[in-house]
Amino acid sequence: MVTYNRIAAGCGYVWVMCLAVSVVWVSTEYGYDFWAGVCDVTWANFGPDFPREFYFAIVCAFIYVFIPSAIILACNLLIIQFSKEKGHAATAGSDGKQDAKSKANSKVLKAMIIVILSFFTLTFPSALIKILKVIGGKDGPVKYIPNIFTTFTTFLQLSASIVNPFIYGLFRKDFRDAYAKLWKQMKQALNLK
(Lines give C-alpha, C1' and ligand atoms only; values in the text may rest on other atoms or scores of the structure.)
Protein backbone atom coordinates (compact mmCIF):
# COMPACT_ATOMS: atom_id res chain seq x y z
CA MET A 1 0.00 0.00 0.00
CA VAL A 2 2.86 2.40 0.80
CA THR A 3 4.53 3.62 -2.39
CA TYR A 4 6.74 6.62 -3.04
CA ASN A 5 4.04 8.22 -5.19
CA ARG A 6 1.44 7.91 -2.41
CA ILE A 7 3.88 9.29 0.17
CA ALA A 8 4.68 12.21 -2.17
CA ALA A 9 0.96 12.81 -2.74
CA GLY A 10 0.31 12.81 1.04
CA CYS A 11 3.19 15.22 1.72
CA GLY A 12 2.06 17.43 -1.17
CA TYR A 13 -1.49 17.49 0.22
CA VAL A 14 -0.22 18.60 3.65
CA TRP A 15 2.03 21.33 2.20
CA VAL A 16 -0.61 22.73 -0.16
CA MET A 17 -3.29 22.82 2.55
CA CYS A 18 -0.93 24.47 5.06
CA LEU A 19 0.11 27.06 2.48
CA ALA A 20 -3.49 27.77 1.46
CA VAL A 21 -4.74 28.23 5.01
CA SER A 22 -1.66 30.28 6.01
CA VAL A 23 -2.24 32.67 3.10
CA VAL A 24 -5.90 33.07 4.08
CA TRP A 25 -5.02 33.76 7.72
CA VAL A 26 -2.30 36.27 6.85
CA SER A 27 -4.52 38.11 4.36
CA THR A 28 -7.46 38.56 6.73
CA GLU A 29 -8.11 39.82 10.25
CA TYR A 30 -9.42 36.78 12.05
CA GLY A 31 -7.68 37.46 15.34
CA TYR A 32 -5.60 35.09 17.45
CA ASP A 33 -6.84 32.71 20.12
CA PHE A 34 -4.16 32.82 22.82
CA TRP A 35 -5.91 30.12 24.81
CA ALA A 36 -5.43 27.68 21.95
CA GLY A 37 -1.74 28.46 22.18
CA VAL A 38 -0.48 27.44 18.75
CA CYS A 39 -1.13 29.62 15.71
CA ASP A 40 -4.87 29.40 16.14
CA VAL A 41 -7.43 31.86 14.89
CA THR A 42 -10.28 33.00 17.11
CA TRP A 43 -12.82 30.43 16.01
CA ALA A 44 -15.54 32.06 18.11
CA ASN A 45 -15.63 34.89 15.55
CA PHE A 46 -16.64 32.37 12.91
CA GLY A 47 -20.32 31.91 13.76
CA PRO A 48 -23.08 31.73 11.15
CA ASP A 49 -23.30 35.55 11.25
CA PHE A 50 -19.98 35.63 9.34
CA PRO A 51 -20.72 33.51 6.23
CA ARG A 52 -17.27 33.72 4.58
CA GLU A 53 -15.43 32.89 7.80
CA PHE A 54 -18.01 30.26 8.69
CA TYR A 55 -17.53 28.36 5.43
CA PHE A 56 -13.76 28.74 5.69
CA ALA A 57 -13.87 27.12 9.15
CA ILE A 58 -16.10 24.28 7.95
CA VAL A 59 -13.74 23.57 5.04
CA CYS A 60 -10.79 23.61 7.48
CA ALA A 61 -12.58 21.13 9.74
CA PHE A 62 -12.97 18.71 6.82
CA ILE A 63 -9.44 19.22 5.49
CA TYR A 64 -7.65 19.02 8.82
CA VAL A 65 -9.85 16.80 10.99
CA PHE A 66 -12.42 14.64 9.20
CA ILE A 67 -10.58 13.64 6.01
CA PRO A 68 -7.20 12.84 7.70
CA SER A 69 -8.99 11.01 10.54
CA ALA A 70 -10.97 8.93 8.04
CA ILE A 71 -7.79 8.09 6.09
CA ILE A 72 -5.89 7.14 9.27
CA LEU A 73 -8.76 4.99 10.50
CA ALA A 74 -9.31 3.27 7.13
CA CYS A 75 -5.60 2.52 6.60
CA ASN A 76 -5.11 1.17 10.11
CA LEU A 77 -8.25 -0.97 9.92
CA LEU A 78 -7.03 -2.43 6.61
CA ILE A 79 -3.64 -3.21 8.16
CA ILE A 80 -5.30 -4.83 11.18
CA GLN A 81 -7.60 -6.89 8.94
CA PHE A 82 -4.67 -8.01 6.76
CA SER A 83 -2.59 -8.92 9.83
CA LYS A 84 -5.46 -10.93 11.32
CA GLU A 85 -5.89 -12.87 8.07
CA LYS A 86 -2.16 -13.63 7.94
CA GLY A 87 -2.23 -14.61 11.62
CA HIS A 88 -5.11 -17.06 11.07
CA ALA A 89 -3.34 -18.54 8.04
CA ALA A 90 -0.13 -18.95 10.05
CA THR A 91 -1.81 -20.68 13.00
CA ALA A 92 -3.61 -23.13 10.71
CA GLY A 93 -0.41 -25.17 10.31
CA SER A 94 0.93 -24.21 13.72
CA ASP A 95 4.39 -25.19 14.92
CA GLY A 96 6.72 -23.50 17.45
CA LYS A 97 7.97 -20.83 15.04
CA GLN A 98 4.51 -20.03 13.69
CA ASP A 99 3.17 -19.77 17.26
CA ALA A 100 5.86 -17.23 18.18
CA LYS A 101 5.06 -15.25 15.03
CA SER A 102 1.39 -15.34 15.88
CA LYS A 103 2.06 -13.96 19.39
CA ALA A 104 4.28 -11.19 17.96
CA ASN A 105 1.56 -10.38 15.42
CA SER A 106 -1.02 -10.21 18.21
CA LYS A 107 1.14 -7.71 20.12
CA VAL A 108 1.50 -5.52 17.04
CA LEU A 109 -2.28 -5.56 16.51
CA LYS A 110 -2.90 -4.57 20.14
CA ALA A 111 -0.38 -1.74 19.82
CA MET A 112 -2.04 -0.50 16.63
CA ILE A 113 -5.51 -0.56 18.19
CA ILE A 114 -4.20 1.44 21.18
CA VAL A 115 -2.49 3.89 18.79
CA ILE A 116 -5.78 4.45 16.91
CA LEU A 117 -7.79 4.87 20.12
CA SER A 118 -5.22 7.24 21.64
CA PHE A 119 -5.13 9.35 18.46
CA PHE A 120 -8.88 9.89 18.46
CA THR A 121 -9.04 10.32 22.25
CA LEU A 122 -6.34 13.00 22.21
CA THR A 123 -7.41 14.89 19.08
CA PHE A 124 -11.21 14.73 19.26
CA PRO A 125 -11.80 17.11 22.24
CA SER A 126 -9.89 19.96 20.59
CA ALA A 127 -11.63 19.42 17.26
CA LEU A 128 -15.01 19.28 19.01
CA ILE A 129 -14.40 22.59 20.81
CA LYS A 130 -13.43 24.30 17.55
CA ILE A 131 -16.52 22.94 15.80
CA LEU A 132 -18.77 24.13 18.66
CA LYS A 133 -17.17 27.58 18.46
CA VAL A 134 -17.65 27.73 14.71
CA ILE A 135 -21.25 26.54 14.69
CA GLY A 136 -22.47 28.71 17.56
CA GLY A 137 -20.21 31.76 17.38
CA LYS A 138 -19.70 33.90 20.48
CA ASP A 139 -23.27 33.39 21.70
CA GLY A 140 -23.29 29.62 21.26
CA PRO A 141 -21.90 26.77 23.41
CA VAL A 142 -18.50 28.48 23.55
CA LYS A 143 -19.83 30.71 26.35
CA TYR A 144 -19.89 27.67 28.63
CA ILE A 145 -16.42 26.34 27.70
CA PRO A 146 -13.71 27.66 30.09
CA ASN A 147 -10.68 29.08 28.29
CA ILE A 148 -8.36 26.86 30.32
CA PHE A 149 -10.19 23.83 28.87
CA THR A 150 -9.31 25.07 25.37
CA THR A 151 -5.64 25.16 26.42
CA PHE A 152 -5.88 21.68 27.97
CA THR A 153 -7.42 20.13 24.85
CA THR A 154 -4.76 21.83 22.71
CA PHE A 155 -2.05 20.16 24.80
CA LEU A 156 -3.87 16.84 24.39
CA GLN A 157 -3.97 17.34 20.63
CA LEU A 158 -0.23 18.13 20.49
CA SER A 159 0.61 15.11 22.65
CA ALA A 160 -0.99 12.84 20.02
CA SER A 161 2.17 13.21 17.92
CA ILE A 162 4.49 11.89 20.67
CA VAL A 163 2.62 8.99 22.27
CA ASN A 164 3.11 6.40 19.50
CA PRO A 165 6.78 5.57 20.23
CA PHE A 166 5.90 4.99 23.89
CA ILE A 167 2.94 2.77 23.01
CA TYR A 168 5.07 0.67 20.66
CA GLY A 169 7.77 0.59 23.35
CA LEU A 170 5.31 -1.12 25.71
CA PHE A 171 4.66 -3.90 23.21
CA ARG A 172 7.96 -4.33 21.36
CA LYS A 173 11.28 -5.46 22.80
CA ASP A 174 13.27 -3.98 19.88
CA PHE A 175 11.86 -0.53 20.72
CA ARG A 176 12.72 -0.95 24.42
CA ASP A 177 16.26 -2.09 23.52
CA ALA A 178 16.67 0.91 21.22
CA TYR A 179 15.47 3.28 23.99
CA ALA A 180 17.91 1.72 26.48
CA LYS A 181 20.77 2.10 23.98
CA LEU A 182 19.85 5.74 23.29
CA TRP A 183 19.62 6.45 27.03
CA LYS A 184 23.15 4.99 27.56
CA GLN A 185 24.52 7.11 24.72
CA MET A 186 22.86 10.24 26.14
CA LYS A 187 24.26 9.53 29.62
CA GLN A 188 27.75 9.10 28.16
CA ALA A 189 27.45 12.27 26.08
CA LEU A 190 26.26 14.29 29.10
CA ASN A 191 28.69 12.56 31.53
CA LEU A 192 25.83 11.51 33.80
CA LYS A 193 26.29 8.78 36.41
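The values are calculated or read from the model by the stated rules, or taken from the named source; none is laboratory data. These numbers were taken from a predicted model, which means no experiment stands behind them. Counting neighbours? That spans all protein chains shown, and the Cβs are built from the backbone with ideal geometry, glycine included. Ligands, DNA and RNA are stripped out before the accessible areas are found, and what is left, the full protein with its side chains, is counted by its heavy atoms. Shrake-Rupley method; radii C 1.70, N 1.55, O 1.52, S 1.80 Å.
List the number of the failed condition for GLU29; all other conditions in (1) assigned to a helix (DSSP H, G or I); (2) modelled with pLDDT under 70; (3) open to solvent by 70 Å² or more (accessible area, probe 1.4 Å) hold.
(1)
Return the pairs, sorted by first residue and then second, in which the second residue is at pLDDT 85 or above and not hydroxyl-bearing (Ser, Thr, Tyr), the first residue lies in segment 138-154 and is within 21 Å of LEU122 (Cα to Cα), the beta carbons are less than 6 Å apart, and the residues are 6+ apart or on different chains.
Pairs that qualify, where the first residue is within 21 Å of LEU122 (Cα to Cα) and the partner is at pLDDT 85 or above and not hydroxyl-bearing (Ser, Thr, Tyr), are THR153/PRO125.
In segment 117-140, which residues are part of a helix (DSSP H, G or I) and among the small types (Gly, Ala, Ser)? Let's see the steps before the verdict.
Step one: list which residues in segment 117-140 are part of a helix (DSSP H, G or I), which gives 117-139.
Within segment 117-140, SER118, SER126, ALA127, GLY136, GLY137 meet the criteria.
Within segment 175-185, identify whether any single residue is touching a Phe, Trp or Tyr at 6+ places or on another chain (Cβ under 9 Å), in a helix (DSSP H, G or I) and either open to solvent by 100 Å² or more (accessible area, probe 1.4 Å) or in contact (Cβ under 8 Å) with a residue 40 or more places away in the chain (or both), and answer yes or no.
No - not one qualifying residue is present in segment 175-185.
Give the residues of segment 141-174 that are loosely packed, with under 14 Cβ neighbours inside 10 Å and basic (Lys, Arg), sorted by residue number.
LYS143, LYS173
Filter segment 60-78 down to the residues that are open to solvent by less than 70 Å² (accessible area, probe 1.4 Å) and in contact (Cβ under 8 Å) with a residue 60 or more places away in the chain and list them by number. Before you say what the answer is, go through the steps one by one.
Residues of segment 60-78 that are open to solvent by less than 70 Å² (accessible area, probe 1.4 Å), as a first pass: 60-61, 63, 65, 68-70, 72-76.
Matches in segment 60-78: ALA61, VAL65, CYS75.
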